[in-house]
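Visitor: One structure coming up, written as structure tokens, with questions to follow.
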Amino acid sequence: MTYDSDNIFAKILRGEIPSKKIFENEVALAFHDINPMAPVHVLVIPKGAYVSHDDFSANASQNEKSGFTEAVGEVAKITGLAQSAGGQGYRLITNSGPEANQEVPHYHVHVIGGRNLGVMVGKI
Ligand code: 5GP
């Protein structure tokens, strides 16, 4: 899938639309989801142009991958969700492709918590 540089997260990265940033490093940006599903719902995105986890895992550099993973860990601590920060834990979700209902075609990880999150996925 070709990267669409007009997607909403690309616009956030370029500062064309606002976001509530909570963390940034050399390779990643984290900000609050506009439609939170739990008391804490943060999105972590790479600064590079990657469509999905498929794309990121295949094509990002080791520096991007390690920095992105560190950013997710920092978000879990900053938000107080991480057990190492005294929290009760959290869930990471990344939707990749149509059956996962990925809406925004720029790779992102949802960091969700602040309540009991129940079952991982609803059964059919
Ligand atoms: P996906 O379904 O692609 O995994 O999740 C996309 C997420 O992006 C959704 O949770 C949605 O609420 C969030 N989102 C969509 N547009 C915006 C926006 O303009 N700003 C922010 N902060 N989040 C957005």
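Visitor: Run the accessible area of the range 1-116 with a 1.4 Å probe and give the carbon-and-sulfur part as a rounded percent. Show your work: numbers first, answer last.
Guide: Details: 3250 of 6600 Å².
Carbon and sulfur atoms account for 49 percent of the accessible area of the range 1-116.
Visitor: What angle do you read, to the nearest 10 degrees and between 0 and 90, between the alpha-carbon axis of helix 62-78 and the longest principal axis of the chain?
Guide: 30
Visitor: Follow-up question, since we're still on this one. How many nm separate the modelled label positions at T94 and K11, each set 7 Å beyond the Cα in the direction of the Cβ?
Guide: 2.4
Visitor: Just add up the charged neighbours of A76: K/R +1, D/E -1, any other residue whose Cβ is under 12 Å from the Cβ of A76.
Guide: Details: positive: K77, R91; negative: E70, E74.
Charge balance near A76 sits at 0.
Visitor: Taking loop as defined by DSSP and a crowding limit of 13 other beta carbons within 10 Å, which trypsin sites (Lys or Arg not before Pro) in the range 18-80 fit?
Guide: K20
Visitor: May I ask for the net charge around R91, where only other residues with Cβ less than 14 Å from the Cβ of R91 are counted and Lys, Arg are +1 while Asp, Glu are -1?
Guide: Details: positive: R115; negative: D33.
Net local charge, R91 excluded: 0.
Visitor: Heavy atoms of the protein only, probe of 1.4 Å, neighbouring chains included. What is the accessible area of T94 in Å², nearest 10?
Guide: Accessible surface of T94 is approximately 50 Å².
Visitor: Here's something else I'd like to know. Report Rg(Cα)/(2.2 N^0.38 Å) for the chain, keeping two decimals. Spell out each step's value before the answer.
Guide: Details: Rg = 14.2 Å, N = 124, 2.2 N^0.38 = 13.7 Å.
Working it through for the chain, the quotient is 1.04.
Visitor: Let me ask something else. Mind checking which aspartates and glutamates have their C-alpha under 20 Å from K20, skipping anything on the same chain fewer than 8 residues away?
Guide: Those aspartates and glutamates meeting the cut-off are D6, D33, E70, E74, E103.
Visitor: Find me the longest stretch of the chain that has none of the exposed GluC sites (Glu not before Pro), where exposed means in a DSSP loop (not H, G, I, E or B) with at most 16 other Cβ atoms within 10 Å. Provide the component values of the computation, followed by the final result.
Guide: Numbers: sites that count: E16, E26, E103.
Segment 27-102 is the longest.
Visitor: Please list, in order along the range 22-39, the HN-Hα scalar couplings obtained from phi with the Karplus expression 6.51 cos²θ - 1.76 cosθ + 1.60 (θ = phi - 60°), rounded to whole Hz, x for Gly and Pro.
Guide: 10, 7, 8, 10, 4, 10, 9, 10, 10, 8, 5, 5, 5, 10, x, 9, 7, x
Visitor: With each run of n ≥ 4 DSSP H residues scored as -39500 (n - 2.57), what mean residue ellipticity at 222 nm is computed for the chain after dividing by its residue count and rounding to the nearest 500 deg cm²/dmol? Walk me through the intermediate numbers first.
Guide: On the way: 3 runs with 30 residues, N = 124.
So the helix-based figure for the chain works out to -7000 deg cm²/dmol.
The values are calculated or read from the model by the stated rules, or taken from the named source; none is laboratory data. Since this is a predicted model, take the numbers as computed values, not measurements. Quick reminder, even Gly has a Cβ in these numbers, built from the backbone with ideal geometry, and neighbours come from all protein chains shown. Heavy atoms of the whole protein, side chains included, go into the accessibility calculation; ligands, DNA and RNA do not. Shrake-Rupley method; radii C 1.70, N 1.55, O 1.52, S 1.80 Å.
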